């Protein structure tokens, strides 16, 4: 399970989002604040705070909050050794 509140806190801080704005539907190409610099900052903060390392190809494919959460979920499950995870 993703530490959802921590991920959301990081995302909101990097993207400078108000507390009332839902994060679930945010897509990189449709959200002007999510530029390449903020993308890099987002990845670095997540790696630092959650202890997750992303591969280059994964970083490029992250284009929505939902994909980001899903990737972190898969990575954390694999780290725990849950059966059936990649």
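No value in this document is a laboratory result; all are computed from the given coordinates. Being a predicted model, the structure only gives us computed values, none of them experimental. All Cβ positions, glycine included, derive from the backbone under ideal geometry; neighbour counts span all protein chains shown.
Things worth noting here:
- C-alpha long axis of helix 4-15 to longest principal axis of the chain, angle in °: 40 degrees
- Sequence of 21, 9 once ranked by neighbouring C-beta atoms within 10 Å, starting from the fewest: 21, 9
- Helix axis angle, 65-80 relative to the chain longest principal axis, alpha carbon, degrees: 20 degrees
- Proxy reagent accessibility, fewest Cβ within 10 Å first, across 46, 60, 26: 60, 26, 46
- Relative contact order of segment 4-80, defined on C-alpha pairs under 8 angstrom at six or more residues apart (%): 35 percent
- Translational diffusion coefficient (Stokes-Einstein; Kirkwood radius from C-alpha pairs) of segment 4-80 at 37 °C, 0.692 mPa s, in µm²/s: 260 µm²/s
- Estimated 222 nm signal from helices in the chain, with DSSP H stretches of n ≥ 4 weighted -39500 (n - 2.57), rounded to 500: -18000 deg cm²/dmol
- Using alpha-carbon coordinates, inclination of helix 36-50 to the longest axis of the chain, degrees: 40 degrees
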